[in-house]
Amino acid sequence: MTESFVKRDSFLPFSKPTIRQIEIDEVVDSLRSGWITTGPKADRFEKDFASYTGFPIALALSSATAGLHIGLLALGLRPGGEVITTSMTWASTVNMIEAVGGTPVFVDIHPETCQIDERQIEAAITPKTAGIMPVHYAGAPSDMDPILEVARKHGLWVFEDAAHGVGTLYKGRHVGGFGRLGVFSFHPIKNMTTAEGGILTLRDEELARKLRALRFHGLEKSAWNRYAEGGSPQVEVMMPGFKYNFMDIQAAIGIHQLASVGDFNAKRRYLASLYDKALSDIPEIMKPEAPKYDHFHTWHLYVVKLLDSARMSRDTFIAELRARNVGTGIHFRAVHTQPYYAQKYPQWIGKLPRSEWVSERLFSLPLFPMMTEEDVLYVAMAIKDVLSHARG
Ligand SMILES: Cc1ncc(COP(=O)(O)O)c(C=O)c1O
């Protein structure tokens, strides 16, 4: 560390959920009420989310991964079916394709935005292609118009991974509702949280019926109230479903998080604009670019790339930042390079050069609503300090 750099005392994590007294009180209210699993608050949360996004149906679940799993099953993905997606995502997008016996087919990304390259999708279609899964990366939308056009032309479904996208708009409309299904995540690092949790969004009541059953043991009739006054203890299993329901304790957090997500996102946008300025004079750092098409960015992540001119590996660089009390994340290592996928599908290695280039160089800077302007400036100073050592 240079003499002019003063290391802060406390560690600045890369993310931290905003949990206030209102969420704590609501959870306590659920605990005291005796109704802690799926119940009236989960019901209300689904209605609130549907009205926030503008989609008629929202089905809350234990995680977005659970939503990806049953979503793919409900869309009819079966062994042998191919799904076109991006390698620049959290593994669960691809894991769930694989878990139901499908085959992931990757197309490359736009390196500036890390969004799926929509221009490559049509060439990846084969007679086995079942659908397309774009990932709205880091709080910005993928370019949905060309994706929907190619899907319509070839009779494919679109399932949007909107895990990062609560509040994200594409051409004025909320993501998660362009295709047949969308899924959002409420994991603690996301723009709003329910501790763990996720939600599927859709318009099709028939598909929703199947998803409700798959979410809860294969029961077609709503069964959460079977032990309540007026409920019936009799249930019928119509298919081998899962146990992916959303608890009232989660909803207790989510109801208040959702009510504030607009403010959380506004703060994220402000912090991202501060980063843009604070990092503008660092040539070794490539800042994230926003897509050129009309959109509303919610800055789930602020992902930078360390260019080769830094003459330091990304992993050494983030260790140096950690030594200066700055936490970082990696979103993401390209999924096709993960050991399971590299072994099973070695043909992708080297075929997605932009995803691989980005994967080796990217890292996410601290970004969460409770951060201050001073925190952003400190991160920029810490980056400059690490680089000044590398420059010698
Ligand atoms: C792009 C993407 N898809 C899916 C998921 C899975 O979300 P969850 O942790 O709620 O299962 C994540 C979580 O980090 C993600 O980043």
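The values are calculated or read from the model by the stated rules, or taken from the named source; none is laboratory data. Since the model is a prediction, treat every value here as computed from it, not as a measurement. Methodologically, a virtual Cβ is constructed for each residue, glycine included, from the backbone with ideal geometry; neighbour enumeration extends over all protein chains shown. In case anyone asks, the SASA skips ligands and DNA or RNA and just uses the protein heavy atoms, side chains included. Shrake-Rupley method; radii C 1.70, N 1.55, O 1.52, S 1.80 Å.
Residues considered: 204, 161. Of these, the only one that is surrounded by 24 or more Cβ atoms within 10 Å (Cβ to Cβ) and acidic (Asp, Glu) is 161. If you go through the range 152-177 and keep only what is more than 17 Å from residue 269 (Cβ to Cβ) and within 16 Å of the ligand (Cβ to nearest atom), you end up with 158, 159, 160, 161, 162, 163, 176. Within the range 37-60, the set of residues being surrounded by fewer than 16 Cβ atoms within 10 Å (Cβ to Cβ) and either under 14 Å from residue 245 (Cα atoms) or of a type in the set (D, E, K, R) (or both) comprises 37, 40, 44, 47. Once the range 312-364 is narrowed to residues that are more than 22 Å from residue 110 (Cβ to Cβ), in contact with a His (Cβ under 9 Å, 6 or more places away or on another chain) and in a loop (DSSP other than H, G, I, E, B), the residue that is modelled with the lowest pLDDT is 312.
Taking the range 207-245 as the range and being in a strand (DSSP E or B) and surrounded by 10 or more Cβ atoms within 10 Å (Cβ to Cβ) as the test, the residues that pass are 216, 219, 237. Scan the range 89-102 and tell me whether some residue there is of a type in the set (D, E, K, R) and more than 16 Å from the ligand (Cβ to nearest atom). The answer is no, given that none of the residues of the range 89-102 is of a type in the set (D, E, K, R) and more than 16 Å from the ligand (Cβ to nearest atom).
So is residue 143 buried (at least 20 other Cβ atoms within 10 Å of the Cβ) and closer than 19 Å to residue 63 by Cβ or not? Let's see the steps before the verdict.
Numbers: buried (at least 20 other Cβ atoms within 10 Å of the Cβ): yes; closer than 19 Å to residue 63 by Cβ: no.
For residue 143, the condition - buried (at least 20 other Cβ atoms within 10 Å of the Cβ) and closer than 19 Å to residue 63 by Cβ - is not met.
Test residue 354 against the stated conditions and say whether it is outside the structural domain of residue 111 (by TED's automatic domain parsing) and closer than 30 Å to residue 11 by Cβ. Spelling it out, it is not the case that residue 354 is outside the structural domain of residue 111 (by TED's automatic domain parsing) and closer than 30 Å to residue 11 by Cβ. Considering 287, 292, 351, the condition of being touching a residue at least 24 places away in the same chain (Cβ under 8 Å) and more than 19 Å from the chain's Cα centre (by Cα) is satisfied by 351 alone.
Please indicate, with yes or no, whether at least one residue in the range 299-306 is in a helix (DSSP H, G or I) and open to solvent by 20 Å² or more (accessible area, probe 1.4 Å).
The initial filter retains those residues of the range 299-306 that are in a helix (DSSP H, G or I), namely none.
Taking every residue of the range 299-306 in turn, none turns out to be in a helix (DSSP H, G or I) and open to solvent by 20 Å² or more (accessible area, probe 1.4 Å).
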